[in-house]
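To start, the structure itself, in structure tokens.
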Amino acid sequence: WDLHLKGSGRTPFARGGDGKATLGPMLREYLIGEAMAALGIPTTRALAVITTGELAVREQPLPGAILVRVAASHLRVGTFQYAAALGDLDDLRALADYSIDRHYPDIATADDRYLGLLQSVIDRQAKLIAEWMLVGFIHGVMNTDNVTISGETIDYGPCAFMDSVDPLTVFSSIDEGGRYAFGRQPAIAQWNLTRFAETLLPLIADNPEDAITPATELLETFPETFSRYWHDGLARRLGLSTHVDGDDVLANDLMQLLQERRLDLISTMRSLSAHLRGDDIGLGDWTTRWQSRLQLENATSEELVQRLDAINPIYVPRNHLVEEALAQAVAGDLDPFMQMLERVTHPYERVEGADRFAEPGDPAPGYRTYCGT
């Protein structure tokens, strides 16, 4: 594992900034990263947030803090771009070999291990983006420095969770053109992976021109790979353990219905088990089609309920509650933050009296998140 001190001060890569972080953004990363881990989504972890006793000057002086981040590694696409820009092929090869040994040892002895590295990272990133979107997560700043070779989520600066389904949802203040909108995350992931492939060309073949075709062929598999992970994930959230023709259409129709009605993804998926218990969840004919499909599953109604409740969370970090908890923490009261942390790190366990943690907010138009580091 790697340890990283985020906000510890200037480095050679600080680009003129002070390298410091403030308490609110570091607590945000702690909260959301631990929530993602509890949801089973690959992520860096937060070991600790430590106040520095200093003030960091932003729009106003704010209490300084350091996040102690833990990761399988901090190798990123940007790491490879930096190595490639230096122009030393031996160093680039050493970086690639180290990445393979650390994260993909099964391909270490393969003759085409650098193509294998590309394929492995493509697969992990496709799976990761699908898992984000299955819980309505929007990263907000998907540049190449935030694409890990390990396939972990990294950097929770301006991220947020979508309250109502809309592919064009954007929260990040720096994303003025919607480049990282909810529904555009697969496309920008493929763009980032193309940048990764470019760095590997001189390793894949002695003549980089000869590497373009095989690398391109792998990159072109990304949409299908993402779609497979996305639809497999949706199927599991619908209680399906087998696949029959029409399953993808059933899942797509649900997502379209949620978009048309501006419904919340998390609470709607959780309500499916309630429907099997006899509640009307207001999805009309779609629920009739879904129940017909469930009859093909070799499972009792109670088994299906258990299956649904085990994969569809009750609690995720709701944006309005995150903001409230962070504001109170910065003001000196950590209790709301700790209460929220307890809920989102046990996302499948309903707690009496905690309904507010499950309900989507109604943020004012123009709600924005900020990096803050």
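The values are calculated or read from the model by the stated rules, or taken from the named source; none is laboratory data. Computed from a prediction, not measured in an experiment: that's the story for all the values here. Here the Cβ positions follow ideal geometry from the backbone for every residue, glycine too, while neighbour counts run over all protein chains shown.
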- Query: Any residue in the range 55-73 that is assigned to a helix (DSSP H, G or I) and either within 30 Å of residue 318 (Cβ to Cβ) or within 25 Å of the chain's Cα centre (by Cα) (or both)?
  - Reply: no
- Item | Residues within the range 282-313 that are crowded, with 17+ Cβ neighbours inside 10 Å and either of a type in the set (Lys, Arg) or in contact with a Pro (Cβ under 6 Å, 6 or more places away or on another chain) (or both), tallied | 3
- Message: Exactly one condition in (1) surrounded by 15 or more Cβ atoms within 10 Å (Cβ to Cβ); (2) not in a helix (DSSP H, G or I) is false for residue 84; which is it?
- Response: (2)
- Hits in the range 240-259 (condition: within 24 Å of the chain's Cα centre (by Cα) and of a type in the set (D, E, K, R)): 248, 253
- Could you check how many residues of the range 56-100 are in the same structural domain as residue 195 (by TED's automatic domain parsing), over 17 Å from residue 152 (Cβ atoms) and of a type outside the set (A, V, I, L, M)? 8
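Can you pull out every residue in the range 252-281 that is within 19 Å of residue 168 (Cα to Cα), surrounded by 11 or more Cβ atoms within 10 Å (Cβ to Cβ) and out of contact with any Asp or Glu (no Cβ under 7 Å at 6 or more places or on another chain)?
First pass over the range 252-281, keeping only residues within 19 Å of residue 168 (Cα to Cα): 252-266.
Within this subset, residues satisfying the condition of being surrounded by 11 or more Cβ atoms within 10 Å (Cβ to Cβ) are 252-259, 261, 263-266.
252, 253, 254, 255, 256, 257, 258, 261, 263, 265, 266, listed by residue number.
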- Query: In this structure, is residue 107 in contact (Cβ under 8 Å) with a residue 24 or more places away in the chain, β-branched (Val, Ile, Thr), touching a helix residue (DSSP H, G or I) at 6+ places or on another chain (Cβ under 7 Å) and over 13 Å from residue 196 (Cβ atoms)?
  - Reply: no
- Search result, residues across the range 336-355 that are part of a helix (DSSP H, G or I), surrounded by 12 or more Cβ atoms within 10 Å (Cβ to Cβ) and of a type in the set (D, E, K, R): 342, 343
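Between 113, 102, 69, 58, which is over 27 Å from residue 346 (Cα atoms) and crowded, with 17+ Cβ neighbours inside 10 Å?
So the residue among 113, 102, 69, 58 that is over 27 Å from residue 346 (Cα atoms) and crowded, with 17+ Cβ neighbours inside 10 Å is 113.
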- Item | Subset of the range 212-248 (residues that are within 16 Å of residue 296 (Cα to Cα) and surrounded by fewer than 15 Cβ atoms within 10 Å (Cβ to Cβ)) | 241, 242, 243, 244, 245, 246
- Scan of the range 13-23 for residues that are in contact with a Gly (Cβ under 8 Å, 6 or more places away or on another chain) and surrounded by fewer than 21 Cβ atoms within 10 Å (Cβ to Cβ), ordered by number: 18, 19
- Give the range 212-227 a look and list any residue that's without any contact (Cβ under 8 Å) to a residue 60 or more places away in the chain and over 30 Å from residue 270 (Cβ atoms), or say none. 212, 213, 216, 217, 220
